[in-house]
1. Criterion first (under 18 Å from the mean Cα position of the chain (by Cα), open to solvent by 20 Å² or more (accessible area, probe 1.4 Å) and among the basic types (K, R)) does R282 satisfy it?
2. Going through L144, L125 one at a time, which residue ends up being open to solvent by less than 10 Å² (accessible area, probe 1.4 Å) and over 22 Å from the mean Cα position of the chain (by Cα)?
3. Taking the options R46, R76, R54, name whichever one is within 12 Å of the ligand (Cβ to nearest atom) and open to solvent by 10 Å² or more (accessible area, probe 1.4 Å).
4. When residues of region 85-142 are filtered for being among the hydrophobic types (A, V, I, L, M, F, W, C) and part of a strand (DSSP E or B), how many remain?
5. Go through region 140-188 and give me each residue that's out of contact with any strand residue (DSSP E or B) (no Cβ under 9 Å at 6 or more places or on another chain) and charged (D, E, K, R).
6. What single numbered condition from (1) β-branched (V, I, T); (2) within 27 Å of E292 (Cα to Cα); (3) touching a residue at least 40 places away in the same chain (Cβ under 8 Å) fails to hold for T235?
7. Residues in region 130-141: is at least one within 16 Å of the ligand (Cβ to nearest atom), free of Cβ contacts under 8 Å to residues at least 40 places away in the same chain and farther than 30 Å from R282 by Cα?
8. Give me the residue from region 215-242 that is of a type in the set (G, A, S) and in contact with a strand residue (DSSP E or B) (Cβ under 6 Å, 6 or more places away or on another chain) and, out of that set, nearest to T185 (Cα to Cα).
Amino acid sequence: MKILAKLAFAAAALVAGSAAAQTYPAKPITMIVPFAAGGPTDVVARIVTEHMSRTLGQQIVIENVGGAGGTTGTTRASQAGNDGYTIMMGHMGTHGAAPALYPNLKYDPSKDFEPVGLAAGTPILIVAKKAFPAQDLKGFVDYLKANGDKVNQAHAGVGSVSHSTGILLTSQVGTKTTQVPYTGTGPALNDLVSGQVDFMTDQIVNVAEQIRAGTIRAYAIATPSRSPALPDVPTTKEAGLPQYEVSAWNAIFAPKGTPAEVVTKLNDALVKALADEGTRKRLLDLGAVLPEKNEQTSAWLGDFVAKEVARWTPVLKAAK
Ligand code: ASP
């Protein structure tokens, strides 16, 4: 009897669970952005969720939970309820680089999340304050070699994109800088514009507008070809540092165990956002690289995360 009652209870719970998944979403969804407002991950999140909210018929509300290079907000997302009402925008740092830099990381990027889908590729640029005393990338590298420890390098905390791509750069140049951590590169960019810090390596969607406005210097973009959004900025290859090629990405994740129907609905809303002309234009104007059709599935993102962790772990251990 006891077993039968338990089975009946489990069956009822399953039916209730899938009924909830069918009516999902019945209330607003929270998306954790593990960095400060106004930075690259926040910008990508706000652009794609605006359209996703329309498709889903419920608002996706962004909650910025900065700290520890994005791992604070990501840990919180991994431990949130898996009913689809808490999701997150992760990225190459939180779901690629962080495991190499945090021996006691409280989440596993592959095991503790259901991948929803890739939102945007974000090329990396080497940017400096306007008054930085170097005219081009070669001059910048020479300056770093001679004055490394006197140069203030901004980043979004250990394990973030700006931190990991930053240590990759300084290790290739063979120098050490003074590190200035922020809760996101949004606030770091403000200090770069006002000249409080000297330089950073950051995602294009954060810096494109300031580069076009001429309020900061862009020495190079670390992709094989130039960005249509910043046609005047040379590639690292053109500017004399061909070994520094690196790109980042931002993607949506749900906590492990989020029902498959819910993940499918979220992915479908993301795919629709990425097909929408207005949404595409906003992302492209900021220099984002839009995922190809085959890169927009949950399964593709799951494979990609495993590859990214495998790619970054040896690179960052060597760079440190
Ligand atoms: N993506 C972070 C932000 O939104 C920056 C980083 O990872 O470097 O601020």
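1. Yes: the conditions hold for R282.
2. Residue meeting the stated conditions: L144.
3. The match here is R46.
4. Residues that pass the stated criteria total 13.
5. D142, K145, K176
6. For T235, the exception is condition (3).
7. Looking through region 130-141, none of the residues is within 16 Å of the ligand (Cβ to nearest atom), free of Cβ contacts under 8 Å to residues at least 40 places away in the same chain and farther than 30 Å from R282 by Cα.
8. The selected residue is A218.
The values are calculated or read from the model by the stated rules, or taken from the named source; none is laboratory data. Because the structure is a prediction, the values reported are computed rather than measured. Neighbour counts are summed over all protein chains in view; Cβ atoms, including those assigned to glycine, are modelled from backbone coordinates with ideal geometry. When the accessible area is computed, the model is the full protein with side chains, heavy atoms only, and any ligands, DNA or RNA have been set aside. Shrake-Rupley method; radii C 1.70, N 1.55, O 1.52, S 1.80 Å.
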